[in-house]
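The values are calculated or read from the model by the stated rules, or taken from the named source; none is laboratory data. Please read these numbers as outputs of a predicted model, since none were measured by experiment. Because the Cβ atoms are built from the backbone with ideal geometry, glycine has one as well, and the counts that use them run over all protein chains shown. Just so you know, the surface numbers come from the protein's heavy atoms only, side chains and all, with ligands and any DNA or RNA stripped out. Shrake-Rupley method; radii C 1.70, N 1.55, O 1.52, S 1.80 Å.
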Amino acid sequence: MTIQFNDETFRDDYTFRNSDWAIRRFPFPFHEDSYMYSVNMERHRGGPEGSVYAKRFDVDEHYISEMRDRALVLAEDPLRCQSLPHMTLAGWDLLELIMVNKSEDYPDLFELDRDGNKWRWINKPLSIDDSFIFMDEASLPYGPMEYITRQTQGDFAVLDQRENNLWMDAGMVTTQADWSLDFDIGMNFFEWHAPVPLAHEMGVFKRALKFLLNVQQGNPARRLNWTMTVNPLLDTSPENYHKWGVQKTTLTPENLGRKQHLRVELQTFYRLPRSNALVFPIRCYLIALEDLVTIPKWGRRLHRVIRDLPVELATYKGFIDNRPLILDYLSQFDDGLPTSPGVWPDLDSEPPLRR
Amino acid sequence: MSTDLDRLHVVVTAKVKLNDLVTRFEFVHAGGKPLPPFSGGAHALVEMRDGDVTRLNPYSLMSDPLDPSHYAISVRRDDAGRGGSVFLHDKVQVGDRLNLGYPVNLFALDLTARKHLMIAGGIGITPFVAQIKQLQSTGGAFELHYAARTQALATYADALRAAHPARVNLYLDDQNQQIPLERLLSGQPPGTHVYVCGPRGMIDWVLTTAHALGWPPEAVHFEEFLAPQPGMPFTVELAQTGKTICVGEHESLLEAMEREGVDAPYLCRGGACGQCETRVLAHDGTFHHHDHWLEEHDRNGRKIMPCVSRFEGTRLVLDR
Ligand code: HEM
């Protein structure tokens, strides 16, 4: 299908909206009625047609507006994009990965012509048509990582692999759930995960790292993570906490369905060929609770997950204070009926809400 | 990690005998497409169907990592081994089709290093050939010290010396030349990383010397591929699958599991990556561990690496 791109904002007047199409394909992260950290990784090799898993780099109706928001963040704070000197080769790897995959997956939107190292890249939605020399930084307006991630939804952490660890040595981070590239740059896998509660004790990170060190070329992996965000803000960074933190106090029973969003990150993992680095795209999807509960199964389940979530997790994810309000709202959409296993909406088989 | 999608289908385009022991094979993509680029030091598994036995042996890629038009490997003939190298030398011809695994790198350059000090023994030269090509195009400082038995067996020495006369040093056993290891390791600028690939004895020599001279472990890199060794047949009970299987003299435990349709994880098949690590539930007998992966305390009946290690005894039960 051809995508109708929205003209919308993720700040100030918050005109961000999900169409019915975007609601139905939302990556709902809960496959059962409860949630706990786990090494929830699987291969990233497609998914049901139309789902966010179907393509390697999903493009949706928010594409153009998200890229506009990224440019605004970067204009205010250039340190959201950093690349240590040894990561330039990985930047080229990433540029190639995205250009090749997007032009194959969306031939009507993106075109890549390669003649040896003379490349031409056409990005129709963003009206870009650039010719450049592959591996020659001077031929692009930005470094290779910055160039391509200014045109690709989601944050990107580019990890160098050495000493049996991963090091956050480059990244483009403007749509993050309260962490900072500038703070984490140069840290290793255990260092940047230090603030996460419970998971260390459960051995999650040791096993996850072992898995990641072995992610191989041609065999990407993925997982989901989630949190809650008041207002459809992409940039919930520590740098700007003074701007968005206070918005968490503006929830009322009347505005909650509209303002409270479930924030889901589709995280993927690709080995980069020339640099042997790993790239970790973190794609953020937002959905207002009032839209989410139009899928009866999701409304029932989200209520139960939020209700039973351990305090440590609700605190870390930053919604412990609002949890009672959120539960009041969600309880209206939980009639106690059982839910079907798996993440899909199952609109044809799941019963409508019983009042 | 073991489906057909993970395979690259290639055609053999060249088979070049370099000396009495070593032959180079070159491959292009069977569909005429570019092959994936790789990083210097990467290897690929070569799938060999020899009668009803299927083998997957790792070989270092030694073509230019940035050139996707072809891959090259160099294979040392090992008549005492289980036949992978002999099969390639004797049976595989130009025009044959083969399947390769995607490139995997367990011996990558540390790109934060100021200088790369490379120490090669014999066929251990192959990963360095690709790494040197990579450093040539991305501009990194390196120095190679290469030991071989004779001039004739010093595969690629001439080409390397011609391309980098000031950076390549050759040492020949039959001339009683030895790498001046202690001096080399003592006189490096800060930020140097050392890499060694060669026979077990050489790796141990470099690791011990570097350790004694106070090199930080993260600046010392090594790779030794272990071809699975033949050995006495043995029987294994697989607890999860509920199967009891026999491992033949010329196959590995991993190969035997695959033959029986047990989906066991693997990556390097050379005892280095850790992917196939398997828990031992019960045993009565002796383990023959050949891997580089397990910790010492796991070798005593707790774990086994089925890609290279064997067992001799009356009973072995694995968590697989
Ligand atoms: C190399 C790829 C990865 C990167 C760059 C990354 C990065 C991060 C960062 C920056 C945070 C926020 C920490 C903070 O509070 O400052 C985080 C949180 C977390 N990460 Fe990762 N991570 C990666 C892979 C993984 C994997 C494979 C797992 C698998 C289990 C994982 C599990 C988690 C969990 C459970 C949290 C807490 C999230 C929450 O509750 O909202 N991470 N990660």
| task | Give me the accessible area per residue for segment B:115-223, probe 1.4 Å, as a whole number in Å². | result | 44 Å²
| note | Ordering A:110-119, A:181-190 by per-residue average of other C-beta atoms within 10 angstrom, highest first, gives A:181-190, A:110-119
| query | Ordered by packing density, taken as the mean number of other Cβ atoms within 10 Å over each peptide's residues, highest first, how do A:304-310, B:194-200, B:112-118 rank? | reply | B:194-200, B:112-118, A:304-310
| Ignoring ligands and nucleic acids, what accessible area does B:Y266 show with a 1.4 Å probe (Å², nearest 10)? | 10 Å²
| query | Could you give the dipole magnitude of chain B about its Cα centre, charging the beta-carbon of Lys and Arg +1 and that of Asp and Glu -1, in debye to the nearest 20? | reply | 580 debye
| message | For a Förster distance of 60 Å, can you work out the FRET efficiency between the beta-carbons of B:R77 and A:H242, rounded to the nearest 0.05? | response | 0.30
| note | Between A:E137 and A:A71, Cβ-based FRET efficiency (R0 25 Å, step 0.05) works out to 0.80
| remark: Comparing each residue of segment B:102-145 in the complete protein assembly with the chain by itself (heavy atoms, probe 1.4 Å, ligands and nucleic acids ignored), those losing at least 40 Å² of accessible area are B:Y102, B:L111, B:T112
| request: Please give the residues from segment A:213-247 for which the solvent-accessible area of heavy atoms, probe 1.4 Å, is smaller by at least 40 Å² with all protein chains in place than with the chain isolated. | output: A:N214, A:Q216, A:Q217
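With a 1.4 Å probe and all protein chains left in place, how much of the accessible area of segment A:238-304 comes from carbon and sulfur atoms, in whole percent?
Whole-percent figure for carbon plus sulfur exposure: 59.
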| query | How much of the accessible area of segment B:133-206, probe 1.4 Å, is carbon plus sulfur, in whole percent? | reply | 50 percent
| note | Mean accessible area per residue over segment B:7-101 (1.4 angstrom probe, all protein chains present, square angstrom) is 38 Å²
| remark: From DSSP H assignment alone, runs of 4+ in chain A each adding -39500 (n - 2.57), the sum over residues rounded to the nearest 500 puts [θ] at 222 nm at -7500 deg cm²/dmol
| task | At 7 Å along the Cα-to-beta-carbon direction for both A:E201 and A:D308, put a label point, then send me their distance in nm to one decimal. | result | 2.0 nm
| request: Determine the total buried accessible area between chain A and chain B, counting protein heavy atoms only with a 1.4 Å probe; round to the nearest 100 Å². | output: 1900 Å²
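Restricting to DSSP H runs of at least four residues, report the calculated mean residue ellipticity at 222 nm for chain B, -39500 (n - 2.57) per run over all residues, nearest 500 deg cm²/dmol.
Result for chain B, helices only: -5000 deg cm²/dmol.
Report the FRET efficiency, 1/(1 + (r/R0)^6), for B:H9 and B:R200, where r is their Cβ-Cβ distance and R0 is 35 Å, rounded to 0.05.
The calculated FRET efficiency here is 0.55.
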| request: Would you mind computing, in nm to one decimal, how far apart the modelled labels at B:S137 and B:K115 are, each placed 7 Å from Cα along Cα→Cβ? | output: 2.6 nm
| task | Measure off 7 Å from each Cα along the Cα-to-Cβ vector at B:A163 and A:S331, then give the distance between these two points in nanometres to one decimal. | result | 7.2 nm
| Over all residues in A:273-283, what is the mean tally of Cβ atoms on other chains that come within 10 Å of each residue's Cβ? | 4
| field | Net dipole in debye of chain A [+1 Lys, Arg Cβ; -1 Asp, Glu Cβ; about Cα centre; nearest 20] | value | 860 debye
| request: Pop out the ³J(HN,Hα) list for segment B:42-56 in order, Karplus 6.51 cos²θ - 1.76 cosθ + 1.60 with θ = phi - 60°, rounded to Hz; leave Gly and Pro as x. | output: 6, 10, 10, 7, 9, 8, 10, 9, 10, x, 9, 9, 10, 10, 10
